[in-house]
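Structure first, then comments.
The values are calculated or read from the model by the stated rules, or taken from the named source; none is laboratory data. Note that this is a predicted model, so its numbers are computed, not measured. Cβ atoms come from the backbone with ideal geometry, glycine included; neighbour counts cover every protein chain shown.
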Amino acid sequence: MVEAMGRALSTSVRRHESLLILAGAAILLLATAVLPLVRLVTEIPDAIDGFALFRSGRAWRLLGRSILLSGATTMLALCIGVPLGLIVGRMDVPGRRALWLIHAFPMFLPPFLIALGWFHLLGQNGFLGSEESASVLFSAAGLVTILGLTFAPVVTSLVALGVRGIDVSLEEAARLVAGPGHVAFRILLPAVWPALALATTVVFTLTFSELGVPMFLRVEVFPAAVFARLGGVDYAPGEALALVLALLPMAVLLFLLERKFVSRRSFEVVGVRGTATTPLSLGRWRTPLAAAAWAVALASAAPIVVLFLRAGISSNGPFAFVDWVAGAPFNSLLAAVTAATLLALSGFVIGHGVARGSRFAAVLDALAVLAFVTPAAVLGVGLIGVWNRPQTGFVYGTAAILVVGYCARYALVAIRVVASAVSQMPVDLERAAAASGAGSGRRLLRIVLPLNARSVGFAWLLGMIFCLRDLETAVLFYPPGGEPLTVRIFTLEANGPEPVVAGLGVLHVGITAVVLVLGSAFIARCTRW
């Protein structure tokens, strides 16, 4: 009898093994991302008094201002990134790889570090600064320009990946009857609209959640109003709750737009069809376009160079920042490594399910989208409401809360990377293994993972970078004495010695560069496996 029950249980587990594996990944997503949003909805009655902020109209104006600034930044990023993406992806511009590396590196850094570099370059006491340049820098125009340059590489990279995945036959047929301009704008660009839709969503979401740059440039935005009521002199948690609840409809709208215009089409961004063709010849336009592309790339890198120069100008030498570091770099790396590992593991399981058409995985993917497009301030307030209680003090009072916040906000990154790769892998290999008696877990570990090790490694690396550069999520609930490096620099920007703050920024740049180099080397090794 016992043996029969055991066999029945084993059969049932084996039959539902795939669902159980997905459920394990779902627990992480539900605990980190879904519970905070549910908590916010249940606290609507507690925010009634705080809604008085909207009666004066100032809160609505601030919200509208933030939406307009985010829209303008997104448009600027598209105007810069689309032509550069076409150039990097398909044109015969010299040094395209170096061009992309120089242009793209700033997007891996916290945007407020880029703003800090521009301040030391164009601020009133900057290397090239004057009162006029400083007035432009500390304005809405300066904010849009800095964030547009910072996030343009997101558009560039996605468009470049998109054009490299276009069916070669379409491009070659167009080349027979049209010049490079017509091929680029009549064939390549329309074919990569999924990449453009994805880039637009990502840039707008990141811009609206941005906190460090607007506060540094003294431009009033909606997320700063939330932060002021949770971590500033205007401490009023009820008002903060009312403000973030007003953002929920926008999060839902972004979610619906993503479902309609991006969703599974984002898998088309990284294709396998456009393998190797000769670059499009620009002819007489090659030199001016190359000069313009390199000018944009160098402008992207200029604030980083200025940070290095400013850090070296100190009476105590270039390493004056060491006494101010404390444990911030260790806190950043510990939380980022832990979160990136959890993101890669859960992203591998859910991403595989999404690629194979699992409805449960599709629901989890949708929840991850909702968490990503939800403004960071909303997610942060929800996380505080869930975890800031005596029973969960072992999480909220330690670096674990940073890991929770990172997993909540960036789960989508790992899911989409893995799903894009697995969707291009023939399903016949898994079917053959299943016919031979291999369970879901064994198929994942013995077939899917080895064939997609590079993508899983890339998901881990992207998760690591996103966590390292994060400020908006962590600044609301970092544990006492456990602030990450981004928060450490942000809190010192206003009153810390300029060379020290610049030195801390250089330290962050160095850590990011090392992570990228080591991570890229690991991914390359995964490819050889």
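Computed values, structure above
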read-out	value
Residue within the stretch 149-170 that is more than 22 Å from A199 (Cα to Cα) and not small (G, A, S) present	yes
Any chance A242 is more than 19 Å from P153 (Cβ to Cβ) and either modelled with pLDDT of 80 or more or aromatic (F, W, Y) (or both)	yes
Near pairs, Cβ below 7 angstrom, 6+ apart or cross-chain, from the stretch 106-122 (part of a helix (DSSP H, G or I)) to any residue that is of a type in the set (S, T, N, Q)	P106/T150; P106/S300; M107/T150; F108/T512; P111/T150; I114/T150; L122/S133
Output for the stretch 53-74, where each listed residue is without any contact (Cβ under 8 Å) to a residue 60 or more places away in the chain and outside any loop (DSSP other than H, G, I, E, B)	R58, W60, R61, G64, L68
Given (1) without any contact (Cβ under 8 Å) to a residue 60 or more places away in the chain; (2) under 23 Å from A344 (Cβ atoms); (3) more than 17 Å from the chain's Cα centre (by Cα), index of the condition S423 fails	(1)
Boolean, F267 is in a helix (DSSP H, G or I), within 19 Å of the chain's Cα centre (by Cα) and modelled with pLDDT under 75	yes
Residues being among the small types (G, A, S) and buried (at least 17 other Cβ atoms within 10 Å of the Cβ) - total across the stretch 428-454	3
Residue within the stretch 194-210 that is surrounded by fewer than 22 Cβ atoms within 10 Å (Cβ to Cβ), aromatic (F, W, Y) and modelled with pLDDT under 75 present	no
Residue check, G496 at pLDDT below 90 and under 30 Å from N125 (Cα atoms)	yes
